[in-house]
Amino acid sequence: MTNSFLDQIETGFRDIALKAGAVIMEVYARPDFEARSKADDSPVTEADEAADALIRAELTKLFPEIAVVTEELSESHSIQAERFIIVDPLDGTKEFVKRRGDFTVNLALVENGVPLRGVVYAPAKERLFYTRADGSSVEEAGPFTDTPGALTPLKVSQPDNDALLVVASKSHRDAATDAYINQYAVKDSKSAGSSLKFCLVAAGEADFYPRLGRTMEWDTAAGHAVVLGAGGQVLRFDDHTALRYGKPGYENPFFLVTAPGVALKPAG
């Protein structure tokens with residue numbers, strides 16, 4: 001990949017995420033909005049669909065040669081490519097519907113199974129995380145304009161295995177997750193929605209995020225890229241090998257997001 005292409009990915013992803021976030025917040029500000037259930041019983045709103053249409057149009061203009069896989073376009077789920085962009089236009093729709101603010105816009109560039117670059121934008125929380133052209137991860141300070149604001153480099157924590165900081169899903173935490181977490185010496189545990197959990201690990205605000213539940217690649221790729229750029233790891237739960245992308249059907253196994261140094265327990 002050339003430097004000019006990576007520069008274009010950084011600036012293009014940032015710009016698209018901010019535009020999509022603005023569309024989402026227009027819907028979020030209304031007293032009511034349309035929400036319905038998809039075939040898998042997950043919710044979808046007009047904000048998901050409007051953001052998806054905007055993102056696909058912008059990506060087509062900027063990167064017409066790169067395949068795009070997006071949650072809301074089911075025909076894209078059969079795409080198989082060594083290089084592709086994967087999109088979740090509104091991750092955390094349950095949080096959006098409940099007006100809890102923990103929802104994000106997610107775009108990632110995947111090559112040979114690895115999410116190399118990504119952006120995670122939480123418009124209601126005014127937090128913007130992304131990988132730069134050089135592969136490092138940053139959080140940008142708002143207000144967000146055409147010109148990037150102050151950038152804070154992201155670096156995962158140096159964990160203390162006798163006092164771990166754990167983050168888990170706000171909407172999908174279950175007994176199996178709690179049982180796994182209880183194997184560790186936990187100083188503090190917090191809940192968060194959407195791909196923000198990845199960003200909390202990337203920022204050193206948590207040491208560890210276990211996910212024992214169904215996710216799709218569009219849920220995780222952007223956050224995964226941000227974690228990698230901050231020096232972290234995203235590993236399969238079963239064998240602690242790196243989580244890979246471009247799998248048939250784009251479904252993930254259980255996984256662990258972790259700072260190096262966390263003494264991981266076996267899957268059991």
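Structure notes:
- Qualifying residue in region 100-107 (condition: buried (at least 24 other Cβ atoms within 10 Å of the Cβ), out of contact with any Ser or Thr (no Cβ under 7 Å at 6 or more places or on another chain) and in contact (Cβ under 8 Å) with a residue 24 or more places away in the chain): yes
- All conditions but one from (1) under 19 Å from residue 139 (Cα atoms); (2) of a type in the set (S, T, N, Q); (3) in contact with a strand residue (DSSP E or B) (Cβ under 6 Å, 6 or more places away or on another chain) apply to residue 189; the one that does not is (1).
- Of all residues in region 238-247, one or more are closer than 21 Å to residue 115 by Cα and of a type in the set (Asp, Glu).
- Only residues that are more than 21 Å from residue 80 (Cβ to Cβ), out of contact with any Leu (no Cβ under 7 Å at 6 or more places or on another chain) and buried (at least 19 other Cβ atoms within 10 Å of the Cβ) were counted across region 230-257, and they come to 3.
- Sole exception among (1) hydrophobic (A, V, I, L, M, F, W, C); (2) under 17 Å from the mean Cα position of the chain (by Cα); (3) outside any strand (DSSP E or B) for residue 256, by number: (3)
- Per-region count, region 222-268, residues on the phi > 0 side of the Ramachandran plot and at pLDDT below 95: 2
- Scanning region 182-207 for residues that are in a strand (DSSP E or B) and more than 15 Å from the chain's Cα centre (by Cα) yields 186, 187, 188, 189, 190, 191.
- Applying the set (1) surrounded by fewer than 18 Cβ atoms within 10 Å (Cβ to Cβ); (2) modelled with pLDDT of 95 or more to residue 175 leaves exactly one unmet item: (2).
- For residue 57, the criteria (1) surrounded by 15 or more Cβ atoms within 10 Å (Cβ to Cβ); (2) at pLDDT 95 or above hold in every case but one, which is (1).
- Residues that are among the polar types (S, T, N, Q), without any contact (Cβ under 8 Å) to a residue 60 or more places away in the chain and outside any loop (DSSP other than H, G, I, E, B) within region 29-72 comprise 37, 45, 60, listed in sequence order.
- In this structure, residue 82 does not satisfy being free of Cβ contacts under 8 Å to residues at least 60 places away in the same chain, touching a Gly at 6+ places or on another chain (Cβ under 9 Å), surrounded by fewer than 22 Cβ atoms within 10 Å (Cβ to Cβ) and not β-branched (Val, Ile, Thr).
The values are calculated or read from the model by the stated rules, or taken from the named source; none is laboratory data. Fair warning: this is a prediction, and the values are worked out from it, not measured in the lab. All Cβ positions, glycine included, derive from the backbone under ideal geometry; neighbour counts span all protein chains shown.
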